[in-house]
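The values are calculated or read from the model by the stated rules, or taken from the named source; none is laboratory data. All figures in this text were calculated on a predicted structure; none of them were measured in a lab. Positions of Cβ are backbone-derived with ideal geometry, glycine not excepted, and every protein chain shown enters the neighbour counts.
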Amino acid sequence: MSSALPRPSRQLRVSHPHINMQDNEGPDTVDEISDRYIRTQDGEGLDVVDQLPVFRPAPWIPPVNAKHHSDRSVPHFKLEDTEAPKEPANQPPPSFAQSEFETIIRRQRINTPHGLKVVPAPSRFPHLDNDWEFSGWGNISYSEIANDELQRAERRLSKSEDLMGQFRASSISGNGVVGSVFYAFPAVAAASSIFSPLALLIACLILTIYRPIFLELGGAIRLNGANYVYLLQCSGKLLAAIGAAATLLDAVATSVVSAATAGAYLKGEISALPIQEWAIGLCLLAGIALVALISLRESSALTLSITVIHMTVMTILMVASIVAWARTGMDVMRDNWQLRPTTSSGIARSIFNGVCIGFLGVTGFECTPAYIESIKPTSYGPTLRNLLVMALFLNAPLMLLVYALLPSETILSGANVLSVLAEVAIGRPLRLLVVVDCVLVLAGGVFAGVVTGCRLVESLAHEHVLPAVFLNPLPITGTAYVTVGSFLTLAIVVYASSSFSLVTVSTMFSATFLFTMLLDPVWHILLVAQIFSESFTSSVHHVNLDGLGGHYHDISGPGRKYCHEPANPGLIARIILWLSSQTALSKRQIDRRVIQWIRRLRRKPIVVWVKEDHVNHLIQAMLYIQRNEVAARVLFVHAYADATQSVPSELEANIRILDEAFPSITLDLVFVKGVFGPVLVEAMSEKLGIPKYHMFMSCPGPDHPWQLGEYQGVRVIDF
């Protein structure tokens, strides 16, 4: 008796052209028919088949020297060594036990090399041919990356001379955080009165909750774009577009509020100025937009200077106020204390309202992830720490000194509180210095909004949500000038639509800021909830892929199930085509122009890195691309270490089946020799001419040696 062959763990539907095995209950399964046919059992209860020739697919090994492989023959099969005797030519049909171990091959349709995968169904648009909706057949190729190409890719990845350290990175968004003392104090005082220092302290301490959240999200997804990128990884483009809209409005509101506050502060100090405060704000917006046309690193030198000047002036003001407080005594503080709420509920309500308003004063903290790619990886954590320290150092102590030296009537009168405090502490010279410092630091707040908005728009352009014209650079600095100009235009429109009212713009800013800050913890909670039972490794200094990247496939589904329709240009174009077919617009050949637009959008291919040949995973990847992308060609790329490594046996066959299953997309399979990692991805991006923004990969496992951020743009999708 030959060696025992174990029964496969899954049930197999067995069919043969000469035997009908169906009854009233449908096709029989192997488990259902095995007792009706000859079998033997060994001592362990396993089925054994005597002298059974077993056919198994031989693993495909790519040719070592071949540059192109397009053989569409069925996979080769080898006969395992058995002692089965040869059967006569007119052999009877195989038994059910033999059929259980036979492989049935389905050949792909016969196709022409340059033909379209056109299906016989009519077009969805009766007045148009349906050829434009279909693509050609894919092929299979072999690519090899030379050592010099890998070395160039490694040098491109290791370039860090243009990255900012912690102090320059802190200064960009830090000016928005520390500049809030000029416009948040009167509002907080109106809500909390003498309890305002405590309310501001609690509001700043809330940032300690956000810091680890930002660290983990930034460590796993090291890409510009902030909430848009995070939501894009967790869901489809629809929810990501909502996050992008909120982030863009927050950036615009930050710039407009900072510019309007600077104009109001300057006009309040120098009432004889022949220019209105709204005009000052517009001039400030235009001036900062010109500064933003310089590269970010050079601009950060200016913002760092502003931050140093501001912190120096505020330190002088605090020291002078402490000296004046010691000289005047506690009389003013005692008078202000008498005006406090007397009931416990009134005290709690005033503190709560003050915390809510004071939290709006730390705007700028949410801007940091928008330019994370320009920050050194080791400096992102210290950057967030510096912002937290600056907020704690200024807000609560300064508010305490305000109530120690100024009566409540002066604080609530709407006057420039800090300039009045400076005059009480030392005199007119310090007051003028504080006014100049106010204009400078609020200009830095405008710049923080510009950087956030421009980096977000660039990310949208990379993802084809916006036209590629937004990426056109200046010849000298390389800055995307169209993005800066568009942001300036949007800021002016928002400011003008509010009738140049600081109150109206501040209201819009409050809503967008809170919504933006809400997005990060909500999606972080969803991530943690999905991997609650898995290993979750993270640190405030280093973020491991075990926490977010290592099990990222677990969280893609919950976010995406609320996003059934993608917010991509292809959907918009098809809606226009449908409207054209239902109206008289078809007579104006608008549909032809829309088709040309769709064809231009579909020219850029998509790359999907695959490791295994599981057909269900490949289908999920194609469905994601079909929902969220506009592409006529998808390249599945598989990396193998050397020629002796076996490639997944069913990968080629499954790609061919999917190539037929998706007639509107051409599916190519590329085998590349190398170890999958950031260097190989960078080299293939250069070789194929496809940016990494158009490359997808499944979630790396917990033993993956690289973090997701090191791939610099490759998107993780659920398949």
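Details
- Residues satisfying the stated conditions in the range 149-172, i.e. of a type in the set (G, A, S), more than 30 Å from A391 (Cα to Cα) and within 23 Å of the chain's Cα centre (by Cα): S158
- Filtering the range 343-376 to residues that are surrounded by 17 or more Cβ atoms within 10 Å (Cβ to Cβ) and of a type in the set (S, T, Y) leaves S350, T363, T368, Y371, S374.
- Breaking point among (1) under 30 Å from L623 (Cβ atoms); (2) without any contact (Cβ under 8 Å) to a residue 40 or more places away in the chain, for A241: (2)
- Hits in the range 219-247 (condition: surrounded by fewer than 24 Cβ atoms within 10 Å (Cβ to Cβ) and closer than 17 Å to A448 by Cβ): N224, A246
- Single residue of A203, A272, A199 found to be among the hydrophobic types (A, V, I, L, M, F, W, C) and not in a helix (DSSP H, G or I): A272
- Pick from the range 618-650, criterion at pLDDT 90 or above and closer than 23 Å to E144 by Cβ, ranking: surrounded by the most Cβ atoms within 10 Å (Cβ to Cβ): V634
- Single unsatisfied condition, L669 versus (1) of a type in the set (A, V, I, L, M, F, W, C); (2) touching a helix residue (DSSP H, G or I) at 6+ places or on another chain (Cβ under 6 Å); (3) more than 21 Å from L623 (Cβ to Cβ); (4) modelled with pLDDT of 90 or more: (3)
- Options R334, R385; residue that is farther than 17 Å from S171 by Cβ and of a type in the set (D, E, K, R): R334
- The sole residue among T363, T410 that is farther than 29 Å from D331 by Cα, in the same structural domain as L200 (by TED's automatic domain parsing) and either touching a Pro at 6+ places or on another chain (Cβ under 7 Å) or among the β-branched types (V, I, T) (or both) is T363.
- The condition of being assigned to a helix (DSSP H, G or I), touching a strand residue (DSSP E or B) at 6+ places or on another chain (Cβ under 8 Å) and among the polar types (S, T, N, Q) holds for only one of T452, T378, T383, T410, that being T383.
- Within the span defined as the range 152-173, every residue fails to be assigned by TED's automatic domain parsing to the domain that holds G381, buried (at least 23 other Cβ atoms within 10 Å of the Cβ), assigned to a loop (DSSP other than H, G, I, E, B) and touching a helix residue (DSSP H, G or I) at 6+ places or on another chain (Cβ under 8 Å).
- Pick from the range 665-712, criterion of a type in the set (D, E) and surrounded by fewer than 19 Cβ atoms within 10 Å (Cβ to Cβ), ranking: farthest from R627 (Cα to Cα): D703
- Just so you know, in the range 447-477 the residues that are aliphatic (A, V, I, L, M) and in contact with a Leu (Cβ under 6 Å, 6 or more places away or on another chain) include one that is modelled with the highest pLDDT, and it is L456.
- Here I372 meets each of (1) modelled with pLDDT under 90; (2) more than 25 Å from C204 (Cα to Cα); (3) β-branched (V, I, T) with one exception, condition (2).
- Of all residues making up the range 294-329, the number that are more than 30 Å from T483 (Cα to Cα) and part of a loop (DSSP other than H, G, I, E, B): 1
- Of all residues in the range 471-480, one or more are part of a helix (DSSP H, G or I) and in contact with a strand residue (DSSP E or B) (Cβ under 6 Å, 6 or more places away or on another chain).
- One residue from T312, T303 being polar (S, T, N, Q) and touching a residue at least 40 places away in the same chain (Cβ under 8 Å): T303
- Test: V439 is of a type in the set (V, I, T), assigned to a helix (DSSP H, G or I), under 25 Å from P197 (Cα atoms) and in contact (Cβ under 8 Å) with a residue 40 or more places away in the chain: yes
- Count - residues of the range 330-340 that are in a helix (DSSP H, G or I) and over 22 Å from A187 (Cα atoms): 1
- The range 408-458, subset among the small types (G, A, S) and within 40 Å of the chain's Cα centre (by Cα), residue surrounded by the fewest Cβ atoms within 10 Å (Cβ to Cβ): A443
- On inspection, G225 fails the criterion of being part of a helix (DSSP H, G or I) and either of a type in the set (G, A, S) or touching a residue at least 60 places away in the same chain (Cβ under 8 Å) (or both).
- When the range 341-359 is filtered for residues that are part of a helix (DSSP H, G or I) and of a type in the set (S, T, N, Q), the ones remaining, listed by number, are S344, S345, S350, N353.
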